[in-house]
Amino acid sequence: MSKPLIYDLTLEDLTAWAKSRGQPAYRARQVWEGLYRRFWEKPEAFTPLPKALRQALAEDFAFQPFEPAATLVSTDGETHKTLFRLPDGAQIETVRMRYLRRRTLCISTQAGCAMGCTFCATGQMGLTRNLTAGEIVAQVLYYARWLRQRGERVTNIVFMGMGEPFHNYDATMRAVDILNDAAGFNLGARRMTISTVGLVPQIRRFTQERRQVNLAVSLHAADDELRNTLIPVNRKYPVAELLQAVREYTEATRRRVTFEWALIRDVNDTPEQARLLASRVQGMLAHVNLIPLNPTAGFGGKASSRRRAQAFCRILEDGGIPCTVRLRRGIDIQAGCGQLASRTGEELNFVLKSS
Ligand code: SAH
Ligand code: SF4
């Protein structure tokens, strides 16, 4: 069996490990700080530790979770996207976005996705496997190192890359806890956002756990007839049940939820859908994010025009629902979810050369 990834461990786990090696707890803390404050990436770098302990680290843990296989940079230079290859051949994507003072990472929780949303490049490829907490955390560290070299740091993390975070709940929350730890990476939970397709039992669990992480829900349609055609899992958790669970979340936590809505021309960008949405989320502590669809190879839909998006937004606002029309950032590098990994080698070469 291959060695566990060092980033899979919490500080507690690391303390237990140090103990098993006959070392005091402060050694674990030194390792933790080395990993998450100094961003050391190999055991030899941990020079404050005795040599024997550095060797023990190398014997017991893997430090290299994946190799970058390709990086694309948008024409404005503000969005970078990296395709990572894992040792078993699975591939994942991580996106870094620069916007004003924000340095936001969009990270993956699974290689592929089992949910099969028709408009989504990741959904079109199916699920390869869950990522471990360490593989999720390592994506953040990769860009944290990159930013540090430029005197900057990660300010926000969105779990909106490949995969459905609530279909890999435990590993995702473990990654949140590791990144949140005050003695280590210390990124506030409120600076993280988890986006879910709408898995109701996990939304309830998330509510009960009273986590400070922001919640986004990919709604995309306000009735079952339409949502069933875009999001297969809607047959299991229909709109009414989903909205009920989300309403309970906002009431229990007093935290605002974000509804994601990818505007598809003449499909879900109609005034009727806007009015229905406004009526169904009436009185909820909510915000709607409208994003024009990123076209993908396996889906015939087109993006809505800006005018249409603004008209949709106005209907929501008139109905008392705050809403924002987002720009399609990084569109020229296929920064949409799964759009890089779903390309064949040849196509990818083309994209790389032409960007
Ligand atoms: N699985 C989670 C998180 C990853 S997807 C979820 O579905 O919420 C992140 C966001 O990108 C979701 O809101 C998803 O619906 C959206 N998305 C996927 N494919 C898209 C596309 N082609 N154009 C625009 N948004 C897309
Ligand atoms: Fe999975 Fe989200 Fe894509 Fe749906 S939109 S297939 S849940 S990654």
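Rounded to whole Å, the principal axis extents of the Cα atoms in region 6-60 read 23, 22, 18, largest first. Annotation: peptides 203-209, 116-122, ranked by per-residue average of other Cβ atoms within 10 Å with the highest first, follow the order 116-122, 203-209.
Could you tally up the Lys pairs in the chain with alpha carbons closer than 19 Å? Skip any pair fewer than 8 positions apart unless they're on separate chains. Kindly include the intermediate steps, with their values, before the conclusion.
Details: Lys3/Lys19; Lys3/Lys42; Lys19/Lys51; Lys42/Lys51; Lys81/Lys353.
Number of lysine pairs found: 5.
Nearest 5 percent is fine: what portion of the DSSP beta bridges confined to the chain is antiparallel?
50
Could you list the trypsin sites (Lys or Arg not before Pro) in region 76-182 that lie in coil according to DSSP, counting only those with at most 11 other Cβ atoms within 10 Å of their Cβ? Taking region 76-182 and a limit of 11 other Cβ atoms within 10 Å, the loop trypsin sites (Lys or Arg not before Pro) found are Arg101, Arg150.
Counting protein heavy atoms only, the chain has 49 percent of its accessible area on carbon and sulfur, 1.4 angstrom probe. Relative to the longest principal axis of the Cα atoms of the chain, the long axis of helix 345-354 lies at roughly 80 degrees.
Taking Lys and Arg as +1 and Asp and Glu as -1, the other residues whose beta-carbon sits under 10 Å from that of Tyr142 total +1.
Given their separation in residues at 0.36 nm each and the Cα-Cα distance between them, Gln149 and Arg210 gain 18.4 nm when the chain is fully extended. Measuring how big region 85-144 is from its alpha-carbon positions, Rg and Dmax come out at 12.8, 37 Å.
The Lys51 and Ala16 beta-carbon pair, evaluated with R₀ = 35 Å, returns a calculated FRET efficiency of approximately 0.95. Stokes-Einstein diffusion for the chain at 10 °C, viscosity 1.306 mPa s, with a Kirkwood radius from C-alpha pairs, works out to 75 µm²/s.
All other residues whose Cβ lies under 11 angstrom from that of Glu44 are scored, Lys and Arg at +1 and Asp and Glu at -1, for a net of +2. The accessible-area ordering, largest first, of the residues Met115, Met125 stands as Met125, Met115, per a 1.4 angstrom probe.
Protection proxy ranking for 69-78, 233-242, using the average of other Cβ atoms within 10 Å per residue and placing the highest first: 233-242, 69-78. Note on surface exposure: Leu127, Leu57 rank Leu127, Leu57 by accessible area, highest first, 1.4 Å probe.
Summing -39500 (n - 2.57) over the DSSP H runs of n ≥ 4 in the chain and dividing by its residue number, what mean residue ellipticity at 222 nm do you reach, to the nearest 500 deg cm²/dmol? Don't skip to the answer; put the middle values down first.
Numbers: 12 runs with 129 residues, N = 355.
When only DSSP H runs of four or more count, the value is -11000 deg cm²/dmol.
Each of Asp60, Asp88 has its accessible area taken with a 1.4 Å probe; listed largest first, they run Asp88, Asp60.
The values are calculated or read from the model by the stated rules, or taken from the named source; none is laboratory data. Predicted model only: the values in this text are computed from it and were never measured. Reconstructed Cβ throughout: ideal geometry from the backbone, glycine too, with neighbour counts over all protein chains shown. For the accessible areas, the whole protein counts, side chains as well, though only heavy atoms, and no ligand, DNA or RNA atoms are used. Shrake-Rupley method; radii C 1.70, N 1.55, O 1.52, S 1.80 Å.
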